[in-house]
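Only the coordinates and a few stated rules stand behind these numbers; no lab work does. Please read these numbers as outputs of a predicted model, since none were measured by experiment. FYI the Cβ positions are ideal-geometry reconstructions off the backbone, even for glycines, and counts take in every protein chain you see.
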Amino acid sequence: MELHFAVASDGHYGEPGTDYQFRFSTLVNALNRATKANRLDFVVINGDISHGGLASARQAKLALDGLQVPYFVTQGNHDELTAAEWERVWGAPGNQLHRFGERSIVALNTSNAAGDYLCPNQAWLAEALRSEAAQSDVFVFFHITAANWTKHGIDCPAVRKLLAEAGNVRAVFNGHDHDQVARKDDAGLPYFFDGHFGGSWGAAELTYRDVVVAEGTLTTRLLTLDDSVLSSTSLNW
């Protein structure tokens, strides 16, 4: 049975000098068109959803509540909320685990109210991966990439080792680096980036990533918010 999801990041709701309201509505419309054409099981908004503070986060949530598909969120460095504030706004903790039949997703926090760059919580991740060891496939989402292979990455070798050694983690999805729209690999594990759908810098196009998982395969496309396909790649395991 297929699993179909989308991941987008870096909307920066509330950032001065950007048309953040229009960009959020454009993303929501694009994802609603996508799920109407081929039902999405879920969407992940992978960090820097807002640009600091409770008011922007609450407005961002109101905008995303227009999605006609379940969605999950991760915290980025510009969201700037305490753990309690995050859960109050989004109704979920910073680290989450969800199952879709024989497949699971793990979503992790990589920042705090001060906007620090943090590695994912290693102990929490290790326990989550242990709990999902019998699952066919696991997909992991966190905002700040766990290697210094980009200008804004952070080196988290223990986290990368956990992910690579799990055996059933098929791909990791990162945001944060607005200028990154492709893939990087560590110990045979792909890390996919999706550019950005908001903010004041980065790749020329505003984009999100569409992912279809079937038995032993993953196909992902990078799409603009007006549905143009910029790239496509497939994995097999």
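Binning the C-alpha pair distances of the chain at 10 Å intervals from 0 yields a P(r) profile of 8, 36, 40, 15, 1 %, listed from the shortest bin outward. Can you compute the label reach from TRP237? Point 7 Å from Cα along the Cβ direction, backbone N cut-off under 14 Å, restricted to segment 69-106. Correct set: 102-106.
Counting DSSP beta bridges in segment 3-236, what percent are antiparallel, to the nearest 5? If we restrict to bridges inside segment 3-236, about 55 percent are antiparallel.
Amide hydrogen proximity for LEU225: with H placed 1.01 Å from N in the peptide plane, the residues at 5 or more positions away or on another chain lying under 5 Å are LEU206. Dipole of the chain computed with +1 at Lys/Arg Cβ and -1 at Asp/Glu Cβ about the Cα centre; of SER200, VAL43, ASN148, farthest Cα towards the positive end is VAL43.
Compared with the direct C-alpha span, the chain from ALA83 to TRP201 gains 39.7 nm at full extension, assuming 0.36 nm per residue. Normalised by 2.2 N^0.38 Å, where N is the number of residues, the C-alpha radius of gyration of segment 152-219 stands at 1.22. One way to sum up the overall shape of segment 85-164 is the equivalent ellipsoid from its Cα gyration tensor, whose semi-axes run 21, 18, 10 Å, largest first. Ordering LYS161, LYS151 by the number of other Cβ atoms within 10 Å of each residue's own Cβ, fewest first, gives LYS151, LYS161. The 3J(HN,Hα) values that the Karplus relation (6.51, -1.76, 1.60; θ = phi - 60°) gives for segment 143-157 are, in residue order, 5, 8, 4, 8, 8, 8, 7, 10, 4, 10, x, 9, 7, 10, x Hz. Gly and Pro appear as x.
Here the Karplus curve 6.51 cos²θ - 1.76 cosθ + 1.60, taken at θ = phi - 60°, turns the phi angles of segment 37-50 into couplings of 6, 7, 3, 7, 6, 6, 10, 10, 9, 9, x, 6, 5, 10 Hz, with x standing for Gly and Pro. Going from the residue with the fewest nearby Cβ atoms within 10 Å to the one with the most, ASP226, ASP179, ASP41, ASP79 rank ASP226, ASP179, ASP41, ASP79. A helix-only calculation puts the chain at -7000 deg cm²/dmol for mean residue ellipticity at 222 nm, using -39500 (n - 2.57) for each DSSP H run of at least four residues, averaged over all residues. Counting every other Cβ atom within 10 Å of each residue's Cβ, CYS156, CYS119 order from fewest to most as CYS119, CYS156.
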